[in-house]
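Working notes, structure below.
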Amino acid sequence: MSQEDPACCGSGCTNCVLDVKPSKHTLPPDVVNVFDRTYKQFRCECVTPAADNVFRFRFRYVPAIGDEREQLIVPPGCHLMLRALRSALHQPDRKPVRSAEDNPLLRWWEANPVQPGGEEHAKQTHQKYDKSEDDLYLSRPYTPIAFDQEHGTFDVLIKLEPGGQMTNHLVTLSAGSRTEWKGVYGDFLWTRNRYRHVVAFVQGVAIAPVYSTLRSILDDEGDETRLTLCACFRNLAGVLLRDELRSLAGYWNFAYAIYLSRRTCACAAAGVERCNCLAARLRYNEPIHDRRLAAAEIERLLQRPLADGKPSLLVLLCGTESFTSFIKSTVEKLEIENCYTF
């Protein structure tokens, strides 16, 4: 997308999240999606802590859905755009209107002061080049992990960064606050039973598009695709959707494992290689490992479904560039044909 396009956010993205072909996602002829790629108002219903620096937000469509034809639909793996006025983003001296005791965002904000130079770094990272009227706004993409098409709500996981421009806006939200969203964007399409196996690798908050995809497959009683999820997080406190993944493990065709890159117990600080500290904090049969996901383990996980033939396997990836490159090295080594990166 050209930066002269009025829809451009002006951030100079290499892979523009708005640079997509007309949507391939089709709806029944008698259904109209609330999301028509124009900004709509949504009210913040609730905010709950999800992990270290990550919060789960629920938003509701402001005009109550009364038309039977109108529904809120977010296809699996697709994302939405949130925008905010730039004039309200940089307010380092603002005083919270509400007590931090009843607002988890303000509690986080007070506990995570901006480090010297932090706000200047945020400005440089997201420097605006577009000089048109759209320069009044800042936009960011977020992937819903759940939505209720009849009641017009959706949930997103958002990681807050001290000094981040959008973070300065998000910490001011509370129940009743109004926001502007548009969508949907994304080109991932799923066809029931197209693959026999799906193996997904995710990192941190990037679990969102993969979780929504796997969840939609499991919700389809006619889909018998076998699903495996490998999720990587920094530590146990940073694990996202822990309860949800444990619940999904009840499906016959879903398995998952969580890998922690850092041990935070006293044993690790003392140089003890192995201990039972993590096991004592896990639930029964919870597949969480206090080690990094190694290349040998990735290869082992992928070789199992390959027994049914390469065309029957789809690999899904979502994370940082270094993370996905690490996984892709094994995918290419095994000459796996089908791999999609969100």
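The values are calculated or read from the model by the stated rules, or taken from the named source; none is laboratory data. This is a predicted model, so every value here is computed, not measured. No Cβ is skipped: glycine too gets one built from the backbone with ideal geometry, and neighbour counts run over all protein chains shown. Note: accessible area is taken over every heavy atom of the protein model, side chains too, but ligands, DNA and RNA are not part of it. Shrake-Rupley method; radii C 1.70, N 1.55, O 1.52, S 1.80 Å.
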So for the stretch 309-331 (the condition being farther than 18 Å from A200 by Cβ, free of Cβ contacts under 8 Å to residues at least 60 places away in the same chain, touching a strand residue (DSSP E or B) at 6+ places or on another chain (Cβ under 9 Å) and not β-branched (V, I, T)), does at least one residue qualify? no
Kindly indicate whether A208 is open to solvent by 30 Å² or more (accessible area, probe 1.4 Å) and assigned to a helix (DSSP H, G or I). no
Selection count where residues are surrounded by fewer than 13 Cβ atoms within 10 Å (Cβ to Cβ) and not in a strand (DSSP E or B), scope the stretch 32-61: 2
Restricting the stretch 297-308 to residues that are in contact (Cβ under 8 Å) with a residue 60 or more places away in the chain and surrounded by 16 or more Cβ atoms within 10 Å (Cβ to Cβ), the residue that is farthest from A206 (Cα to Cα): P305
Can you pull out the helices (runs of 4 or more DSSP H) entirely within the stretch 72-174 that have at least 1 residues that are open to solvent by less than 20 Å² (accessible area, probe 1.4 Å), within 24 Å of D36 (Cβ to Cβ) and at pLDDT 85 or above? 165-170
Given the conditions (1) over 19 Å from the mean Cα position of the chain (by Cα); (2) surrounded by fewer than 17 Cβ atoms within 10 Å (Cβ to Cβ); (3) closer than 19 Å to N53 by Cβ, report the number of the one that N235 does not fulfil. (1)
